[in-house]
Amino acid sequence: MFPTDSVRPDPDALLAQVQAQERKAARGKLRIYFGASAGVGKTYAMLAAARKLQADGQPVLVGVVETHGRADTAAMLAGLPLLPPRQVAYRGKQIAEFDLDGALAAQPPLILMDELAHSNAPGSRHPKRWQDIEELLDAGIDVLTTVNVQHLESLNDVVGGITGVRVGETVPDTVFDQADEVVLVDLPADELLARLQSGKVYQAAQAERASKNFFRKGNLIALRELALRRTADRIEDDVRAYRVEKSIADIWKTGAALLACVGPGPGGEHTVRSTARLAGQLGTGWHAVYVETPALQRLPAAQREQILKTLKLAEDLGATTAVLSGADLAAAALDYARSHNLSKLVLGRAQRRWPWPWRPAPLKRLAQLAPDLDLIEIGVPRNQPAPARSSHADADPDPYHAPGGWGGDAGNAGSWRGNAGS
């Protein structure tokens, strides 16, 4: 848990962080120049960075750079040492391929490896260039590389559905996510099309074919959005790792991800569906949690089954779900929100007045514990009946440990503000 007034680091998380840092210390560093499409300037940006490092005294070696006939990119190679390629016989022809053994023997501090998703010629030690890069990193060599969004394995079918072109060469998302740094190289669709028409992306004949197929404006806009969102997801992971490393409990409102707080009653499904729609409108991710107190562990089987049903619905609608344990529902939910950097909590609206005037209502308690968070109430669906009055609700001296949980209803135990999270 993250206390509200002080920070207590999670020892397991810190241990994992230390172990990961030790493993990384022995490996080279990987920087990926990432873009939405060919022609946005990834290779140029990589070469510009290499030239600056060389000017600052950093030795560099060009392992593979593909200029695709672009004069401005070729000019950036001037003065950078090149690793001679190895010649591979394939179908009666000689193909120039990256010389992995030559690179390992040279042991450069930094090597440039263009086109991360490239497939190596048959007979190579590894079928894919990203596997060559893994071996270079294991040898302690830093690597700069490039890749387009359509080559990420998780987005391969999405891109195919947008463009009508299914890319055959893909890279596992783990390679992208575990890179030490991702640099987004971005260009608006109109500027990219202007570069294509002026011959700065492909030669004339190839450019004409591309403009009629992959390089349509709608495709480029959609690919740009995918690249921006994938980069944002990656940066969010970086932010979370930094917050764990530095034991930061305060929530940074860097994203719009939502946290739905649900109870065991059927009304929780309304909160889940409403949060899913809101997340879709905001274009963001969301989480759904249920907090189980010691009292709520004694719920009837039917209500426990309802909890699982509600969380399964949330998963089906795209949420990350969790069952939390704690004596204080508000504190448990806030601990989860802080550890996942979620600044917007979604709760159901109460259907009747809070029955314990000597204790703050859940929404008020959340506001007191975390005034920096945004609390969103979901309205009650028109066809949902009001909860039945519990015979023991007023008699229980401690609503936070009562069978009624948040709302105090025996029939809606553990619900948020008394209506099972609806």
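The values are calculated or read from the model by the stated rules, or taken from the named source; none is laboratory data. Note that the structure is predicted; figures quoted are calculated from it, not measured. Surface areas here come from the heavy atoms of the whole protein model, side chains and all, with no ligands, DNA or RNA. Shrake-Rupley method; radii C 1.70, N 1.55, O 1.52, S 1.80 Å.
Taking only the C-alpha atoms of region 78-180, the Rg (one decimal) and the largest Cα-Cα distance, Dmax (whole number), read 15.0, 43 Å.
Each residue of region 106-113 is assigned a 3J(HN,Hα), and the resulting list reads 5, 6, x, x, 9, 10, 9, 10 Hz, derived from the Karplus form 6.51 cos²θ - 1.76 cosθ + 1.60 (θ = phi - 60°), x at Gly and Pro.
When 343, 119 are compared by accessible area at a 1.4 angstrom probe, the order from most to least is 119, 343.
I need to check one value: relative contact order of region 1-154, counting alpha carbon pairs closer than 8 Å and at least 6 residues apart, in percent. Worked out over region 1-154, it gives 31 percent.
Is there a pair in 24/52; 24/312; 309/364; 42/344; 52/200 whose C-alpha atoms are over 32 Å apart, and which pairs would that be? Where the Cα-Cα span goes over 32 Å, the pairs concerned are 24/312; 42/344. Spatial offset of region 121-193 relative to region 104-120 amounts to 13 Å, using the alpha carbon center of each.
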